[in-house]
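The values are calculated or read from the model by the stated rules, or taken from the named source; none is laboratory data. For clarity, every value in this text was computed on a predicted model and none was experimentally measured. Counting neighbours? That spans all protein chains shown, and the Cβs are built from the backbone with ideal geometry, glycine included. Note: accessible area is taken over every heavy atom of the protein model, side chains too, but ligands, DNA and RNA are not part of it. Shrake-Rupley method; radii C 1.70, N 1.55, O 1.52, S 1.80 Å.
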Amino acid sequence: MDYDALIQKLGTFGPYQKRLFFIVFFPIIFDSFGTPVSNFLLGDQLHRCKIPDVQNDTYLIQDRYHEELINATIPKRSDGSYDECKVIINKTMKKCSEWVYDHSVFTRTVNSQFNLVCDDSYLHSLSVSAYFFGYVFATLTLCPLADVIGRRKMVVFATTFQFVINIIMPFSYNVVMFIIIRFFDGVCGLSYYHGAFIIGMEMVGPSKRLFSGTMVLEVYVFGEFLLLIFAYFLRDWRWLQLALAIPMVSTVCYWWPQVLPESPRWLLSRGKNKEAVKILRKAAKANGVEFEDLPSDFRLEKEDRGVREILKELFHSRKLLLRWIIIFLNWFVISFIYYGLTLHIGKLGGNLYLNFALSCIVELIGYSLCIFMDRTGRKPMHLTVMFMSGIACLASVLPIKFGDDSHNWIMIALSMIGKLGISAGFGEIFIYTGELFPTVVRSFVMGICSCGARIGSNISPYMYQLADGKLQKILPLLIYGIVTIIVALLSLHLPETRKRKLLEQVEDIEHEKDLMTESERNSGPEDLEINDGDCVNTHR
């Protein structure tokens with residue numbers, strides 16, 4: 001009997017697992033604040049240069065005299081708007097060092113607090129990407145460390161540190177301090193998300209993993225809705241950040257093992273059988289199942305092999321290597337598009353808060369589509385959502401190019417369709433990837449693909465700096481559409497994996513079609529192993 005069979009015997013998704021999932025939902029909710037909060041902390045505010053020697057200058061025109069003063073000192077661009085970076089002093093055009101901001105949407109953001117505009121606008125993108133650099137660091141260091149110190153300790157330390165740095169963040173006295181804190185925010189965010197997710201999924205029976213994984217994604221969207229409510233009523237970034245940080249104190253209760261237990265699978269892998277059995281007995285009692293000790297035929301999965309042997313297996317098959325490249329590009333593009341559309345909601349025009357609410361709704365719908373993977377098949381679902389997202393992004397360029405402001409709603413609607421497709425892609429790509437590769441290389445492949453996703457997310461904040469004016473909106477959407485369709489076309493070469501036994505060895509890929517009808521059971525997410533070291537579902 002292996003570990004999955006043992007958990008199946010104790011209860012696939014009984015009262016104990018439900019309580020455990022409720023507990024680990026809190027870190028997932030708090031992690032959901034980390035990325036989209038940039039729309040509000042670093043929200044764009046209309047601005048122009050401050051009129052020299054005018055103390056009460058404001059962005060809004062106060063009266064006719066104020067308007068004349070603005071026209072005399074602030075040059076206009078070709079579209080009739082005021083230049084944001086230049087001022088006229090003694091009939092000479094100069095770069096300005098002070099600005100006034102529009103306060104109709106935000107009273108204060110990090111941008112207006114530290115003047116991240118004009119020559120310092122790159123610091124805006126760096127402030128956003130700092131969070132993703134933290135993700136990269138955590139992926140390469142702390143995710144593997146969780147296999148050494150345990151999942152529970154990783155969650156406890158990461159959530160505590162996360163609470164501390166989020167309380168400190170509103171008191172940043174310069175942008176460098178803010179960027180450093182955002183980096184550590186990303187480090188902690190991925191670390192405890194990874195640990196909490198593993199603890200929850202390792203206690204769930206195999207037949208419920210697709211449902212449980214989808215539910216985790218939907219809880220993530222619930223956290224985004226909470227963020228929207230906070231952001232709507234708190235328009236000053238300092239107060240917003242403080243309000244989001246205070247509830248994180250609830251995770252202090254994780255220091256008590258009775259609240260958040262260690263993963264029995266990790267304990268068994270480290271030879272701590274007595275501690276694991278103690279937790280399993282509690283689970284059995286809560287689920288109304290008899291359990292005294294490990295069965296005599298119990299065995300844990302074989303130990304992971306070295307990287308050299310894994311690479312040797314991977315490069316042994318040309319078909320497997322090509323498949324790896326295609327899947328790596330999929331992870332990169334999905335993360336690139338998802339964060340590109342999520343982080344730049346404010347660039348679409350219209351009401352930021354309404355756009356963000358629509359984005360959350362379509363994201364929820366996209367994740368919910370993953371539940372139907374067992375009916376539609378993996379490949380049809382993947383191709384449908386990828387082509388849908390790519391075509392929608394390309395089509396959203398048309399109302400920008402050939403329409404006017406009255407057609408902006410068409411562009412927003414098409415962008416949301418693109419977000420729906422890429423969200424569904426984010427939900428299904430983990431399952432599909434796990435089924436495409438043999439057990440001997442699966443953990444390594446998914447780890448590399450996760451790094452590809454990190455690269456995509458790090459590039460996304462810079463997309464709207466490629467151009468100015470109308471082209472600033474067109475170019476990113478054009479790139480999103482083109483790369484998504486290219487990757488979707490490459491994915492045509494991937495096989496269907498529904499109702500197919502999982503590949504075990506590299507040699508199995510040469511006769512994988514024979515595995516399609518060897519079993520009537522759904523051997524997809526139900527039989528996927530969660531191996532030590534897997535940064536599972538950590539696209540966040």
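Remarks
- Carbon + sulfur, % of accessible area of region 7-136 - ligands and nucleic acids excluded, 1.4 Å: 54
- Of the beta bridges in the chain, as assigned by DSSP with both residues counted there, near 90 percent are antiparallel.
- Multiplying each eigenvalue of the alpha-carbon gyration tensor of the chain by 5 and taking the square root yields semi-axes of 46, 27, 19 Å, largest first, rounded to whole angstroms.
- Tilt relative to the chain, helix 439-459 - C-alpha long axis, 0 to 90 degrees, to 10: 10
- With the Kirkwood sum run over all distinct C-alpha pairs, region 87-129 has a hydrodynamic radius of 11.9 Å.
- Calculated on alpha-carbon atoms, Rg and Dmax of region 207-264 in Å: 15.6, 46
- Heavy-atom accessible surface of region 333-443: percent carbon and sulfur, 1.4 Å: 73
- Restricting the GluC sites (Glu not before Pro) of region 199-280 to loop positions (DSSP other than H, G, I, E, B) with no more than 16 neighbouring Cβ atoms within 10 Å leaves nothing.
- Taking the inverse of the mean 1/r over every pair of distinct Cα atoms in region 127-257 gives a Kirkwood hydrodynamic radius of 15.8 Å.
- Average accessible surface for region 1-45: 28 Å² per residue, computed with a 1.4 Å probe over protein heavy atoms with every protein chain in place.
- Radius of gyration and maximum dimension Dmax of region 1-41, Cα, Å: 16.3, 51
- Surface calculation, 1.4 Å probe, protein heavy atoms: residue 290 sits at approximately 150 Å² accessible.
- Average accessible surface for region 408-449: 19 Å² per residue, computed with a 1.4 Å probe over protein heavy atoms with every protein chain in place.
- Computed P(r) (all Cα pairs; region 30-69; 10 Å bins; percent): 23, 33, 18, 18, 8
- Extension gain, residue 252 back to residue 22 (0.36 nm per residue minus Cα-Cα distance, nm): 81.2 nm
- Folded to 0 to 90 degrees: helix 15-34 orientation relative to the chain principal axis, Cα: 30
- Remark: the chain carries a charge dipole of roughly 240 debye about the Cα centre, counting +1 on each Lys and Arg Cβ and -1 on each Asp and Glu Cβ.
- Whole-Å semi-axes of region 402-449's equivalent ellipsoid (Cα gyration tensor): 39, 9, 6
- Taken along its three principal axes, the alpha carbon spread of region 52-174 comes to 68, 24, 23 Å, from the longest extent down to the shortest.
- In sequence order, region 371-380 has phi-based couplings of 4, 8, 4, 5, 8, 7, x, 6, 5, x Hz under the Karplus curve 6.51 cos²θ - 1.76 cosθ + 1.60, θ = phi - 60°, and Gly or Pro positions carry x.
- Over region 336-428, the pair-distance histogram of Cα-Cα distances with 5 Å bins from zero comes to 3, 15, 25, 24, 17, 10, 5, 2, 0 percent, rounded to whole numbers.
- Derived scalar couplings between HN and Hα for region 238-250 equal 5, 5, 4, 4, 5, 5, 6, 7, 4, x, 5, 4, 4 Hz in order, rounded to whole Hz, by the Karplus curve 6.51 cos²θ - 1.76 cosθ + 1.60 (θ = phi - 60°), x for Gly and Pro.
- The Rg/Rh ratio of region 363-406, with both radii computed over alpha carbons and Rh defined as the Kirkwood radius, is 1.18.
- Signed unit charges on C-beta, dipole axis of region 53-98, positive-most listed residue 81, 59, 93: 93
- Surface listing: 97, 129 arranged by accessible area from highest to lowest gives 97, 129, probe 1.4 Å.
- Our helix-only sum for the chain, with -39,500 (n - 2.57) per DSSP H run of n ≥ 4 divided by its residues, gives a mean residue ellipticity at 222 nm of -19500 deg cm²/dmol.
- Between 0 and 90°, nearest 10: helix 408-436 axis offset from the chain longest Cα axis: 20
- Binned Cα-Cα distances of region 16-97, short to long, each 10 Å bin given as a whole percent: 15, 31, 16, 12, 11, 10, 5, 0
- Average accessible surface area per residue within region 130-218, 1.4 Å rolling probe, Å²: 31
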